[in-house]
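Take a look at the structure below.
The values are calculated or read from the model by the stated rules, or taken from the named source; none is laboratory data. The shown structure was predicted, so the numbers you read here are calculated from the model rather than taken from an experiment. When we count neighbours, we look across all protein chains shown, and the Cβ atoms used for this are built from the backbone with ideal geometry, even at glycine.
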Amino acid sequence: MIKLIRTDSDNKDFINLVNLLNDYLKVVDGDDHEFYNQYNNIDVLKHVVIAYIDNKPVGCGAFKKYTEHETEVKRMYTLPETRGKGVATIILKELENWSKELSYEACVLETGKRQVEAVQFYKKNNYTVIPNYGQYKDMTNSLCFKKMIG
C-alpha cells in the first residue's frame, strides 16, 4: 500500500530522493544538465509530496507558485524498482489536489524530450503540450505541459 505525506523541502527523505533524481538527470540531460540544474533549487519548495511503501520513501514531487493561477510541478521522481506501480500517478494527483485546495486553476511543468517515460506519463495524465515558457523558451530539449485542474 502506498502512503503519502505532505511536507516541505526540509524533509530528509525528499532531499535523498532529489539527490537520486539529480544523479539520473546528469546522465540523461548530458551537456544540458548544468542549465537545467540552476532552476532546480529545492529550498524554494514549500509543497512537497512523498510516497512510501512499507515505510520506505519510493517517490516524490513538489510544486511552487508559477503565476496567480498556476503552479509549476517540480522534482517528480520514483525509484526505478517501484516504477509501473502507480506511485508517480498518485503523487501527481496529490500535487494537483493540493494546488486546487490553494485555489490554483492549472499546473504547468517542463520535462526533457529525452525523458521519454516522463513525456508519456504526463500525456497519460491529461497534460497537453504548450509552448515552452520562461527559462525553457529557447531550450530545444525541453517540452512544456499544462493541465487545467480548477
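Descriptive notes on the structure:
- Restricting attention to the range 115-134, the residues that are closer than 17 Å to T78 by Cα and assigned to a loop (DSSP other than H, G, I, E, B) add up to 2.
- Some residue of the range 33-52 being exposed (fewer than 15 other Cβ atoms within 10 Å of the Cβ), touching a strand residue (DSSP E or B) at 6+ places or on another chain (Cβ under 8 Å) and farther than 22 Å from G134 by Cα: no
- Yes/no for K85 being surrounded by fewer than 19 Cβ atoms within 10 Å (Cβ to Cβ) and within 18 Å of Y136 (Cα to Cα): no
- Residue match in the range 100-114 (condition: modelled with pLDDT of 95 or more and small (G, A, S)): yes
- Residue within the range 120-127 that is under 18 Å from L25 (Cβ atoms) and among the hydrophobic types (A, V, I, L, M, F, W, C) present: yes
- Qualifying residue in the range 71-78 (condition: under 11 Å from the mean Cα position of the chain (by Cα), acidic (D, E) and surrounded by 16 or more Cβ atoms within 10 Å (Cβ to Cβ)): yes
- In the range 81-95, the residues that are basic (K, R) and part of a loop (DSSP other than H, G, I, E, B): R83, K85
- Subset tally (residues that are surrounded by 13 or more Cβ atoms within 10 Å (Cβ to Cβ), closer than 18 Å to G30 by Cβ and free of Cβ contacts under 8 Å to residues at least 40 places away in the same chain) for the range 128-141: 1
- Residue, nearest to M1 (Cα to Cα), within the range 88-118, restricted to residues that are surrounded by fewer than 21 Cβ atoms within 10 Å (Cβ to Cβ) and of a type in the set (S, T, N, Q): T89
- D10 meets each of the listed conditions (1) surrounded by 13 or more Cβ atoms within 10 Å (Cβ to Cβ); (2) out of contact with any Gly (no Cβ under 6 Å at 6 or more places or on another chain); (3) not in a strand (DSSP E or B) apart from (1).
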